[in-house]
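Student: Attaching a single structure in structure tokens format; questions to follow.
The values are calculated or read from the model by the stated rules, or taken from the named source; none is laboratory data. If you're wondering where the values come from, they're calculated on a predicted model, not measured in any experiment. Counting neighbours? That spans all protein chains shown, and the Cβs are built from the backbone with ideal geometry, glycine included. Surface accessibility is based on the protein's heavy atoms, side chains included, excluding ligands, DNA and RNA. Shrake-Rupley method; radii C 1.70, N 1.55, O 1.52, S 1.80 Å.
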Amino acid sequence: MPQKPVIGITGAFIKHNAFMEGVYVHHDYHRSVAAAGGIPIVLPFINPEAALEAAALCDGIIMSGGEDVDPLYYGEEPHPHLGYTNRERDETELALIRHALDHNIPLLAVCRGVQILNVALGGTLIQDIPSQWSEPLQHSQKAERSRDTHAVALEPGSWLAEILGEQRIRVNSLHHQALKDVADDLKVAAKASDGIIEAVEYTGSSFAIGVQWHPESMTATNPLMKRLFEAFIARCKKQ
Ligand code: MN
């Protein structure tokens with residue numbers, strides 16, 4: 001029997017108290033990867049060199065959600081509503097993304113993940129949707145994480161549309177930032193009705209999908225998101 005693919009999941013910073021701090025990955029990522037046939041492992045941010053050594057163990061990488069990306073990396077000054085940033089995590093993930101795209105390691109980028117994927121390739125971000133976008137939907141939902149709260153239109157012919165077999169789906173929404181200028185090597189794969197970009201795909205030879213919603217928190221109740229994880233894990237199969 002072939003070995004299951006190993007899926008590295010990047011972690012966010014968490015500080016429990018003065019004595020306990022470290023890396024945090026929402027359990028939904030682990031559950032979703034395992035349910036789709038992969039072995040989830042956590043990728044801590046130490047420095048780019050350590051991250052690339054860890055990436056060598058991985059058949060696929062998930063860029064997880066979390067902190068805002070420091071606007072330094074896309075040439076902007078901080079907006080008053082910019083959230084917590086962590087440059088150690090940013091630098092580690094920027095290196096991981098470039099490495100994965102150069103070495104054909106499949107990438108699934110979630111929420112902050114799609115944002116830093118865009119920044120890694122030269123794109124920019126909306127630092128705060130409510131104060132920088134005209135007539136936005138509610139993208140920071142108050143409903144539980146697993147609940148779908150707004151619709152997105154999928155781009156016909158995109159990997160996402162092919163995998164899900166739909167033109168329009170409903171997703172959860174837990175973000176106050178979004179993509180602004182899309183990097184040259186990415187194409188838009190989904191948008192919300194207010195025009196906010198909700199998914200992009202890499203146009204090069206490597207497989208990389210970025211989504212602004214949290215599919216990992218929907219897989220238990222939404223067959224389409226389960227299918228997205230299964231399609232990603234299938235791309236990560238050992239050859
Ligand atoms: Mn949204």
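Student: Restricting the search to the stretch 124-158, which residues are aliphatic (A, V, I, L, M), closer than 18 Å to P215 by Cα and assigned to a strand (DSSP E or B)? Show your work before the answer.
Tutor: So the first thing to find is which residues in the stretch 124-158 are aliphatic (A, V, I, L, M), and the list is 125-126, 129, 137, 143, 151-154.
Those still in the list that are closer than 18 Å to P215 by Cα too: 143, 151-154.
The answer is A151, V152, A153, L154.
Student: Quick check: is even one residue across the stretch 118-131 touching a residue at least 60 places away in the same chain (Cβ under 8 Å), in contact with a Gly (Cβ under 8 Å, 6 or more places away or on another chain) and open to solvent by 10 Å² or more (accessible area, probe 1.4 Å)?
Tutor: No, the stretch 118-131 has no match at all.
Student: On the given criteria, is K237 within 15 Å of the ligand (Cβ to nearest atom), out of contact with any strand residue (DSSP E or B) (no Cβ under 6 Å at 6 or more places or on another chain) and outside any strand (DSSP E or B)? Break it down stepwise before answering.
Tutor: Details: within 15 Å of the ligand (Cβ to nearest atom): no; out of contact with any strand residue (DSSP E or B) (no Cβ under 6 Å at 6 or more places or on another chain): yes; outside any strand (DSSP E or B): yes.
So K237 fails the test.
Student: May I pose another question? Within the stretch 222-239, can you find the residues that are surrounded by fewer than 23 Cβ atoms within 10 Å (Cβ to Cβ) and under 26 Å from P136 (Cβ atoms)? Spell out how you get there, then give the answer.
Tutor: In the first step, residues of the stretch 222-239 are kept if they are surrounded by fewer than 23 Cβ atoms within 10 Å (Cβ to Cβ); the result is 222-224, 226-227, 230-231, 234-235, 237-239.
N222, L224, listed by residue number.
Student: List the helices (runs of 4 or more DSSP H) inside the stretch 8-102, counting only whole elements, that have at least 2 residues being among the β-branched types (V, I, T) and open to solvent by less than 60 Å² (accessible area, probe 1.4 Å). Walk me through how you get there before you give the answer.
Tutor: Working: elements: 27-35, 48-55, 87-102.
Here the list reads 87-102.
Student: Looking only at the stretch 197-211, filter to residues that are surrounded by fewer than 22 Cβ atoms within 10 Å (Cβ to Cβ) and in contact (Cβ under 8 Å) with a residue 60 or more places away in the chain; which one of those is nearest to the chain's Cα centre (by Cα)?
Tutor: F207
Student: Being closer than 16 Å to D194 by Cα and open to solvent by 40 Å² or more (accessible area, probe 1.4 Å) is the filter; apply it to the stretch 132-147 and report the residue that is nearest to the ligand (Cβ to nearest atom).
Tutor: Ranking the qualifying residues of the stretch 132-147, first place goes to L137.
Student: Answer yes if at least one residue in the stretch 185-205 is at pLDDT below 95 and not in a strand (DSSP E or B), and no otherwise. Let's see the steps before the verdict.
Tutor: Keep residues of the stretch 185-205 that are at pLDDT below 95, which gives 205.
With not in a strand (DSSP E or B) added as a condition, the list becomes 205.
Yes, there is a match, as at least one residue in the stretch 185-205 is at pLDDT below 95 and not in a strand (DSSP E or B).
Student: One residue is enough: does the stretch 175-188 have a residue meeting the conditions in contact with a Cys (Cβ under 7 Å, 6 or more places away or on another chain) and surrounded by 17 or more Cβ atoms within 10 Å (Cβ to Cβ)?
Tutor: At the first step, the residues of the stretch 175-188 found to be in contact with a Cys (Cβ under 7 Å, 6 or more places away or on another chain) are 175.
Cutting the leftovers down to surrounded by 17 or more Cβ atoms within 10 Å (Cβ to Cβ) gives us 175.
Yes - at least one qualifying residue is present in the stretch 175-188.
Student: Shifting gears a bit: Which condition breaks for D194 when tested against (1) buried (at least 19 other Cβ atoms within 10 Å of the Cβ); (2) within 16 Å of the ligand (Cβ to nearest atom)?
Tutor: Status for D194: all satisfied but (1).
Student: Show the residue pairs that are 6+ apart or on different chains and have beta-carbon atoms under 8 Å apart, the first residue being within the stretch 139-150 and in contact (Cβ under 8 Å) with a residue 40 or more places away in the chain and farther than 18 Å from T219 by Cβ, the second being near the ligand (Cβ under 10 Å from one of its atoms) and not in a loop (DSSP other than H, G, I, E, B).
Tutor: Once the first residue is in contact (Cβ under 8 Å) with a residue 40 or more places away in the chain and farther than 18 Å from T219 by Cβ and sits in the stretch 139-150, its partners that are near the ligand (Cβ under 10 Å from one of its atoms) and not in a loop (DSSP other than H, G, I, E, B) give H139/I129; H139/H150; H139/L174; H139/A178; H139/A192; H150/V171; H150/A192.
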